Structure formats: structure tokens, C-alpha cells
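The values are calculated or read from the model by the stated rules, or taken from the named source; none is laboratory data. Keep in mind the model is a prediction, meaning the values are calculated, not measured. Note: ideal-geometry Cβ built from the backbone for every residue, glycine included; neighbour counts use all protein chains shown. Areas reflect the complete protein model, heavy atoms only, side chains present, ligands, DNA and RNA absent. Shrake-Rupley method; radii C 1.70, N 1.55, O 1.52, S 1.80 Å.
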Amino acid sequence: MTDAVVTAAPGKGDRLTPALFALAIFTSASLVFVVQPMVAKLVLPMLGGSPSVWNTSMVFFQAALLVGYAYAHALQRIGSIRLQVGVHLTLLLAAALFLPLHISGVLGEPNPSAPIGWLLLTLALSVGAPFAVLSATAPLLQAWYARVRAGHEDGKNPYVLYAASNLGSFLALLSYPLLIEPLATLGGQRGGWSVGYGVFILMVAALAVVVWRSRDAAEEPPPLAVSPPIPWLDKLKLVLLAAAPSSLMLGVTAHLSTDVASAPFLWVVPLALYLLTFVIAFQNRPIIPIWLTLMLQGALTAACIMLVAFRTGYWPMLFAIHLATFFFTALMCHQLLAERRPAPDRLTEFYLLLSLGGVVGGAFTALLAPVIFDTVWEYPLVLVLVALARPMKRTPVERSEIIIFVFGLLVAATPPILSAAFQADWDFAWAFNRHVPWDMQQLSIAILGVSAICAFLLRDRTPAFAILIAAMALSSHYIARGYEAKLSDRSFFGVLKVAETQDPRMGGAVHVLMHGTTLHGAQPRDPVMRCNPTLYYAPSTPIGQVSLAQRDKPGAVIGVVGQGSGALAGYKRATDTLTFFEIDPLVNRISRDPKWFTFISDCADGPVRTVLGDARLTLGKEAKGTYDLLVIDAFSSDAVPTHLLTEEAIKLYLSLLKPDGVVLLHLSNRNLEITLPAQAAAQALHVPALHQIYGESDRAPEMAEASTEAMILSPTEAGLARYRDDPRWNQLQQTQVRPWTDDYVNLIGSLWRHITR
């Protein structure tokens, strides 16, 4: 394009060029970010629905983004913009060979003991090429725009197109849980994405026409003036400012998804907010000025750090606080980045540094932190470190500020002192919201609230602010630790802790296994009571009732998805065959260690088999028609891996049963209504089903039993005959809820039904 063309008087063509660039960037960003939850949903069934699947996937996408940005930066070495367009268009066409998107089976099934490498390589083979080439579009088109629009006022600041890019990403992510996932099957999503990719290639071809069309085909848009190199110290600051929001995004994602659902509809919320902060930060006139961001970020950080360790209470309020804190912290970092953006000729280098920071932050949270920490410390740690990035007030420190700082530290130390002075096993109760001494928890939060006010007042004194919130984080974690942990260990699938609490009515000490805030089993240490299954597995619960009923059969064959503490092994007779299907090797190791639990080692009469791997994969290898009972009790904290409740999954379970066998689905959930989709699947399969909600007795010992919701299904009426006369089991009315399938899951609907029932 000649200079005469780009500086011509405004006309139709002059308006078309900026619009075409903006539309192409918007479209590419939408495709890049809608594919992330879609691909994560495709890969979930291979790895049990753990939040770590999303976090690890995010590290891959950030790394692929870095590759794309590096390619965009390298392409700028080609002086001819027309040749650049030709190269990019060729690579886009080549990447189309990977469509429609699918999960490659080249690497086989994942090894549960080392799934990260499998997941990263599988994603690279499956979607790496189209994702990397697409992700390069935003910086490439901005660089081209700066050259094509040289001589125009809008060409001086191509960074505003980054807002269009992130707006497209933001809207695409919001559309996934609200529109795409509830309305379209996975097959439809893949097909729609392929069509969108084709449309985008046509847009780039149209841009090529714009670039090539000129009065003199030999002329090129002029190269940009060369600005001074970015100093290395400034480069480091850019990387760190970009790393912090990336790390926090994964940290808050894990925090939120651990106790609700391991599902893309929750995962996209922090990522959408992350992108929205880019939209705001890179506007010419941000709708949220930096001074307001700094004030709100200081207040929210102090409030969030005070509550981050407490996972009980009104969860929508807690979610709002965590998300608001993340939003304004990310916005602060990105506004500080926007202030440091270099001249347009350094644009691709700037984005390359931002992308590198994203990889560094994501890799720290998803890959390094699980190795360093035995519990989730990375989230509050990064919040504290980000506090050090706040602009520092340079005026002399006043005496009143010193008094506020010392007072805030003393107040932050008060709750642990009170806890140490009044040890009465309160902490254990707090963690599980079971007969909680709310007055003590509220007192601790109120005390820390005073310290939070002190921190807020010193928000412009960066070191003092960081020290105060660090003290609050340590104090709140001490108070809300929930118990004196005998063991804390971490795997790809989460943090597992073994606690010891005292229950005189159960013989004294009781060991408890916890993942997140969900109990996975409890066992009395008293030799007289230790072989009695407890909590969800007690004889009085639906799971216990069905387990006892199987004793009518000589040599029952039983399978259990989800090993936990191994409590169901307490029902095993010498003639029975019991197999646990467990995805987490750490769970298997802890439940088989007599130091912690003895259901498997001492209580079960005879050997107990454990098959490691995702249950859908491992059950598919079992012989058909061999089981008398299958118990589906797989949880990720309080989240149900949705692929274990689809119509296809339930059909698989039924195929493994004898004609009079029974499948029991454990449906207890604090935040989702998952009974109706399971019932709908039973209706679709035309199999009989019964339902029970059991309420724990107030007279029972604290850890003896737990309220439980369950459904039983059988291939024939003969399987449910013994339960039909039991008044505890009920026939559910017909439901119009759509059953979940491997191609369709609507978790938004489940969340809404839970909220409104």
C-alpha cells in the first residue's frame, strides 16, 4: 500500500481499513479463547475432572501463546509487510489440517502417577498448531496496523487494538457457559469453531488485499522509526507484572472450583475477568482510573487475605470477594504494564515479554507450587508479593503511621494467641461446619478486620502494607487450619490431609481424611470401633443399607469408584470380591497405610484390589455382567466429575452388573443439583431407579454418620425388588430435565436449580 493511499482523505476505503483490522483481531481472539474451555471439556474425561486439568491446560495455552507471540516478533524481521501477510496466511491454511479439533490418542491413556507430561503433550498434538498460529494474530495485526496507518492519528497508538482483542476474548469466554455449553453439544461446538476458523482465514485474505492494493505495487508501508531498546531491568519488571495476574488467575480458579465443580463454566470466570482487565487497562481513557484501582485493590486485598483460609459461610459472598480482589489486582498490574508500553516499533517485543510473564506465573502455580507446598499456599503468597508492586509513597513516614503499623501487627497476632489459650477442638468443627462455634470464628474475623483496616490505611506505604497482609494471612491460616494435621500431602489431583480429632463416644481419637473441605472418610482408632464404617458409609446411610443388603448373596462382587479412606472395605467378607477404582495414587497410598487408616489392611476379610486411573477408562476394561454392586462415589472435594454421571457412563455401569445387580450413585452435593440429570439418564435408558435422602441423627456421635443423598438403579426390576418395600427408598416423579451425555452437560442449570429449590 502506498503512502498516498494511507494518507488519503477520509472515505469509504479509509473507514474500511481500521474496521477490518479491528474485526479480524476481535474474531481471532474470540476463536483463541472459546477453544480453551472447549478443549478442556474434551480432555476432562481422561483425567477425572480435577481443577488441575484446567490449570495445567492453561499453562499449555500460555506456552502456546508465547510461541505465537515469538513467531509474530520474528516475522517482523521480514521487511516486506506483504510477505509477512503471505507467510501468516499460508500457516493459517496449514493449521486448518488439524480441524475439526479433537483429542489425539497417539499417547494412549494417561498415567495417574504422572499425568502432567501426558496432558501437555496431548494438547500440543491436538490443538497446538492452530492455537499458536491464531494467537499470533493480535500482535501481528497491531504491528501491521501501525505501518499501514502511518500518517493517520490512530496509527500512533495501535495498542488500543489490544482492547478489541481482549474484548473478543472476554465475550467469547462469557458466551461459553451462558450460551454455547447449555445449547450446543461438543460435536456442534467443534464444527462451529471450524467454521469460525474458516471465516477468519477469509478475513486475513481480505487484509492481504488491502495491503497489496496500492497505486504502485512496488511500494510498501514505511517502516516505523526505531526507538531505544527496552532496558533489561524494565523487561524484568514487565515479566513480573504480567506473571502475577496469571498466577493469581490459576490460584483463584483452584480455590473456587475445588468446592463447587470441576467444570469449564466456573473456570472461565477468572479468565474472563483477567481479559477484561486488559480491555480496561489498554484503552486510551480507562473507565477505571489507576488511583481508584489502587484504592479498591488495597481494600479488597486486605479483606480477601483475612478470609482466604475460611472456606465455610455464605459461598456467593466469598466468591464475590475473591473474584473482586483478583479483578482489581490484575487490573492494577495491567494498568502498570500499560503505563510502561514502549513505542510501536517495540510492540511485538512488548507482547512477547507479557506472554513470557504469563507462562512464568502459570507455571509457578500449576507446576511448581504443588511440588514446593504441601497445601495451597501459592494463592495468598502471590497476593502478598503483588502488594510489593504497588506504587510507593515517598514522603517521610509519620508517627501516626508507625503507630497504626505496630497496632495492626499486634491485632493480627491476637487470634492465634486466643486459639492457643482456649484449645477445645474448635478448629476441627470450623473446617467442616459441623456444630460450628460461630461466635469464635466471627470473633477472629472481626479481630482480623481491625488489622485489615490498618493495612488499608497504610496501602500507600508498600512495605508496611505487604507485611500487615502477610501477618493476617498467617494468622487466618492458623485459626482456620481446621485441625491439627497429622499428614498433609499433595498430588496432581489436590491436597489431602489426615486429621485427628477426639470423640469420646467413638472411643477417643478419630482419624479423618479430607480433600478441600470435604470429608472422604473417618475411622475411630479404638480397636473396638475401628472397623465400623462411618459418615456417608455408616450402616444407616443409603450406601450402608445397600452394602449390607449385598450380604444376602454369597460371594458378592463389588466395585467402588472413589476409594477415600477405604471405609466400604469394612463390609467385605472373605467370600466377597472388592475392587476400588481410584484416580489418585496418593489416596490409595494413604488409605492403605495402617498408620492412618486400617479399613483395607485390617478390617476387610481378604485382599482388596485397587485399579488406578479414571473410572470411565478402567471400568471399560472390566468384564460385562460380573458385578453385584457398583458404588459411584467419586468426588473432587465437593465436586462431581460430570463425565461419571452422563447417560453413557450410567449405561456402562449397568452393563457391568449381573441381571439383579445394583448401581448406587452418591449424589450429595452442597452447591449443585445433580439428581435430576441422573434421573433423566435413567429414564432415557428405561431402567428402574429409586431415590433416598438420609438425614444424620442428632443423637449419633459427631463423626458416626453424615447426611446422604443417593439413587439406585438396576438393569431389571429384580435388582430393586428388595428395596421397593423399604419406605426409606422412593420413586421419583418423571423429570423434563435433559440428561447429561458425553456430548452435553449443563452445569449452569444444576447450579440454578440448587439456588432456587
Exercise. Output yes when any residue across the range 271-282 is assigned to a helix (DSSP H, G or I), of a type in the set (Phe, Trp, Tyr), surrounded by fewer than 22 Cβ atoms within 10 Å (Cβ to Cβ) and modelled with pLDDT of 80 or more, and no when none is.
Key: no
Quiz item: In the range 676-702, which residues are over 13 Å from THR541 (Cα atoms) and part of a loop (DSSP other than H, G, I, E, B)?
Solution: HIS686, VAL687, PRO688, ASP698, ARG699, PRO701, GLU702
Practice problem: Answer yes or no: is there a residue in the range 657-672 that is among the β-branched types (Val, Ile, Thr) and over 28 Å from VAL53 (Cα atoms). | Solution: yes
Exercise. Evaluate the range 96-111: report whether one residue or more is over 16 Å from VAL43 (Cα atoms) and open to solvent by less than 60 Å² (accessible area, probe 1.4 Å).
Key: yes
Exercise. Considering (1) open to solvent by 30 Å² or more (accessible area, probe 1.4 Å); (2) touching a residue at least 40 places away in the same chain (Cβ under 8 Å), say which one MET711 fails and leave the rest.
Key: (1)
Self-check item: Residue within the range 424-433 that is in contact with a Phe, Trp or Tyr (Cβ under 9 Å, 6 or more places away or on another chain), modelled with pLDDT of 80 or more and open to solvent by 30 Å² or more (accessible area, probe 1.4 Å) present
Solution: no
Practice problem: Go through the range 506-624 and tell me which helices (runs of 4 or more DSSP H), entirely inside it, have 1 or more residues that are open to solvent by less than 20 Å² (accessible area, probe 1.4 Å) and under 24 Å from ALA704 (Cα atoms). | Solution: 542-549, 585-591
Quiz prompt | Residues satisfying the stated conditions in the range 337-380, i.e. charged (D, E, K, R) and within 18 Å of PRO231 (Cβ to Cβ) | solution = GLU339, ARG340, ARG341, ASP345, ARG346, GLU349
Exercise. Within the range 1-49, track down each residue that is modelled with pLDDT under 75, part of a helix (DSSP H, G or I), among the small types (Gly, Ala, Ser) and closer than 24 Å to ALA164 by Cα.
Key: GLY13
Self-check item: Matching residues in the range 714-748 - criterion: being open to solvent by 60 Å² or more (accessible area, probe 1.4 Å) and either within 30 Å of GLY191 (Cα to Cα) or within 30 Å of the chain's Cα centre (by Cα) (or both)
Solution: GLN736, ARG738, ASP742
Quiz item: Across the range 501-523, which residue is nearest to the chain's Cα centre (by Cα) among those that are without any contact (Cβ under 8 Å) to a residue 24 or more places away in the chain and closer than 22 Å to SER601 by Cα?
Solution: ALA509
Self-check item: Residues being within 26 Å of ALA466 (Cα to Cα) and of a type in the set (Asp, Glu) - total across the range 344-386
Solution: 2
Quiz item: Can you find even one residue in the range 317-332 that is outside any helix (DSSP H, G or I) and either at pLDDT below 90 or open to solvent by 20 Å² or more (accessible area, probe 1.4 Å) (or both)?
Solution: no
Quiz prompt | Members of the range 283-316 found to be polar (S, T, N, Q) and at pLDDT below 85, listed by number | solution = GLN283, ASN284, THR312
Exercise. Within the range 586-629, track down each residue that is farther than 20 Å from PHE492 by Cβ, within 30 Å of the chain's Cα centre (by Cα) and without any contact (Cβ under 8 Å) to a residue 60 or more places away in the chain.
Key: GLY620, LYS621
Practice problem: Count, please, the residues in the range 705-744 that happen to be hydrophobic (A, V, I, L, M, F, W, C), touching an Asp or Glu at 6+ places or on another chain (Cβ under 8 Å) and closer than 26 Å to LEU519 by Cα. | Solution: 1
Quiz item: In this structure, does LEU354 turn out to be touching a helix residue (DSSP H, G or I) at 6+ places or on another chain (Cβ under 9 Å) and surrounded by 23 or more Cβ atoms within 10 Å (Cβ to Cβ)?
Solution: yes
Exercise. May I ask you to list the residues in the range 600-625 that are under 15 Å from SER113 (Cβ atoms) and in contact with a helix residue (DSSP H, G or I) (Cβ under 9 Å, 6 or more places away or on another chain)?
Key: THR610, VAL611, LEU612, ASP614, LEU617
